[in-house]
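As structure tokens, the structure follows; a few thoughts come after it.
The values are calculated or read from the model by the stated rules, or taken from the named source; none is laboratory data. Here the structure is a predicted model, which means the values were calculated and not measured. When we count neighbours, we look across all protein chains shown, and the Cβ atoms used for this are built from the backbone with ideal geometry, even at glycine. Surface accessibility is based on the protein's heavy atoms, side chains included, excluding ligands, DNA and RNA. Shrake-Rupley method; radii C 1.70, N 1.55, O 1.52, S 1.80 Å.
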Amino acid sequence: MGLLLARSSKNMAGVMKKMWIGAGIAVIVLLLAALLAALWHFSDKVIHIKVWGQERIEQFEVNSGVLKLEYLAALPKEEVSIPSPYGYELKGWFIPRQEPSSKTVILVHGVTRSRLTSIKYVELFRKRGFHVLVYDQRRHGQSGGGTTTYGYYEKYDLKACVDWVLERTGAGSAVGIHGESMGAATALQHAAIDNRASFYIADCPYSNITEQLIYRLKVEYGLPAYPLIPLVALICRLRARFRLHDAASLLSLQSVETPILFVHGENDTYIEKQMTEAMYSIKSGRKQLYLAPNADHAEAYMKNPDEYDRVVGDFLQEIGIAIDDAQSIPTEG
């Protein structure tokens, strides 16, 4: 009888051990599934960031006092469709001057917005003799594209826009580029792969999207960078075929001689002004820095329209023009 009880106890212990092992495995599987779900969620917020609809953007710009619908309706806008090197179309407006001009500026909007956001800058350049091209960035507005890559692929779309402008206006024409937020970061990354632009105006760019994500993760979620950011970067690389640390405007500037006007709001709480100050410091050659007073993110012009106008005008008066050959692009994925 005692032997039977001993054997029964031993079998029960074995069963319990197997149950504990099974439970442990189940917990590990659940934790891994939860981690993967979290990584997928955060990578989605990066590469599939929610973009604003046209009605919301229009209302925001109107309420901010920088867009008048009558002005927008009266602009001589030509609908354009520019082929991206990645197989989709970039939709935009070409706004020509009535008088002949050899100067064109390309306006590049920020993340979640569209070409409507760029309209506030149009008159800064039209009154100075520029044609203007505004377009919807990849996966924004009416343009195609499946992911947002913070300048990595977008810079080659911008290069395609430069191609289009020079074909439209002539190879000897001058092309300038003005970008806001992600559009500014796209412009600065473009400067490293295409030396045909005569100037850049970079309004509130980030210097490195990884550092920007680390900052926003802390501000919005109170979470540390490690290990979440490296893991999210890995998922983004697998899903969108680009490395986050390659979307780095700061690195792009090390070999850029094209004149750049850097702009940032003194009170920017979304992208810290120190990012622009660091890029200004590393940039060689002609450069200017304008820190706009009382301005939060992308508010430099809205809060200081007259001074912004003067700064842009002074910058354009001081720079030269150089048109050179372009370079090649990589394949996507």
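Please work out which one of (1) modelled with pLDDT of 95 or more; (2) open to solvent by 70 Å² or more (accessible area, probe 1.4 Å); (3) closer than 20 Å to H178 by Cβ is the condition K127 fails and give its number.
Of (1) modelled with pLDDT of 95 or more; (2) open to solvent by 70 Å² or more (accessible area, probe 1.4 Å); (3) closer than 20 Å to H178 by Cβ, only one is false for K127: (1).
Give E180, E167 a once-over and let me know the one that is touching a helix residue (DSSP H, G or I) at 6+ places or on another chain (Cβ under 8 Å), closer than 20 Å to I95 by Cβ and open to solvent by 10 Å² or more (accessible area, probe 1.4 Å). Can you show your working first?
Numbers: E167 fails: touching a helix residue (DSSP H, G or I) at 6+ places or on another chain (Cβ under 8 Å).
Checking each option against the conditions leaves just E180.
Let me spell it out: the conditions are (1) buried (at least 24 other Cβ atoms within 10 Å of the Cβ); (2) touching an Asp or Glu at 6+ places or on another chain (Cβ under 7 Å), and V132 meets all of them except one. Which number is the exception?
Condition (2) is where V132 drops out.
Quick check on the stretch 78-89. Is at least one of its residues under 19 Å from P305 (Cβ atoms) and either aliphatic (A, V, I, L, M) or open to solvent by less than 60 Å² (accessible area, probe 1.4 Å) (or both)?
Here is the first cut: in the stretch 78-89, the ones under 19 Å from P305 (Cβ atoms) are none.
No, there is no match, as no residue in the stretch 78-89 is under 19 Å from P305 (Cβ atoms) and either aliphatic (A, V, I, L, M) or open to solvent by less than 60 Å² (accessible area, probe 1.4 Å) (or both).
Here are some residues: L217, L253. Which one is buried (at least 18 other Cβ atoms within 10 Å of the Cβ) and either within 28 Å of G145 (Cα to Cα) or of a type outside the set (S, T, Y) (or both)? Reasoning before the result, please.
On the way: L217 fails: buried (at least 18 other Cβ atoms within 10 Å of the Cβ).
Answer to the selection: L253.
Condition first: touching a residue at least 40 places away in the same chain (Cβ under 8 Å) and either in a helix (DSSP H, G or I) or over 20 Å from Y152 (Cβ atoms) (or both). Now tell me which residues in the stretch 39-57 satisfy that.
Of all residues in the stretch 39-57, those touching a residue at least 40 places away in the same chain (Cβ under 8 Å) come to 39-40, 42-43, 46-52, 54, 57.
Those that are touching a residue at least 40 places away in the same chain (Cβ under 8 Å) and either in a helix (DSSP H, G or I) or over 20 Å from Y152 (Cβ atoms) (or both): L39, W40, F42, S43, V46, I47, W52, Q54, I57.
Can you tell me which residue in the stretch 256-278 is nearest to the chain's Cα centre (by Cα), limited to those that are under 23 Å from E299 (Cα atoms) and open to solvent by less than 10 Å² (accessible area, probe 1.4 Å)? Break it down stepwise before answering.
From the stretch 256-278, those under 23 Å from E299 (Cα atoms) are 259-278; that's our starting set.
Still in the running and open to solvent by less than 10 Å² (accessible area, probe 1.4 Å): 260-265, 271, 276.
Working: I260: 18, L261: 18, F262: 16, V263: 16, H264: 15, G265: 17, I271: 12, T276: 14 Å.
Ranking the qualifying residues of the stretch 256-278, first place goes to I271.
Any chance you could count how many residues in the stretch 247-280 are at pLDDT below 95 and not in a loop (DSSP other than H, G, I, E, B)?
Of the residues in that region, 7 qualify.
What number goes with the only condition from (1) buried (at least 24 other Cβ atoms within 10 Å of the Cβ); (2) out of contact with any strand residue (DSSP E or B) (no Cβ under 7 Å at 6 or more places or on another chain) that R139 does not pass?
The one condition R139 does not meet is (1).
Whether any residue in the stretch 72-84 is at pLDDT below 90, assigned to a loop (DSSP other than H, G, I, E, B) and more than 28 Å from K218 (Cβ to Cβ) is what I want to check.
Here is the first cut: in the stretch 72-84, the ones at pLDDT below 90 are none.
Among the residues of the stretch 72-84, not one is at pLDDT below 90, assigned to a loop (DSSP other than H, G, I, E, B) and more than 28 Å from K218 (Cβ to Cβ), which makes the answer no.
Checking the conditions here, which among V105, V51 is open to solvent by less than 60 Å² (accessible area, probe 1.4 Å), farther than 15 Å from I119 by Cβ and under 19 Å from the mean Cα position of the chain (by Cα)?
Values: V105 fails: farther than 15 Å from I119 by Cβ.
Step by step, each of V105, V51 is checked, and only V51 is open to solvent by less than 60 Å² (accessible area, probe 1.4 Å), farther than 15 Å from I119 by Cβ and under 19 Å from the mean Cα position of the chain (by Cα).
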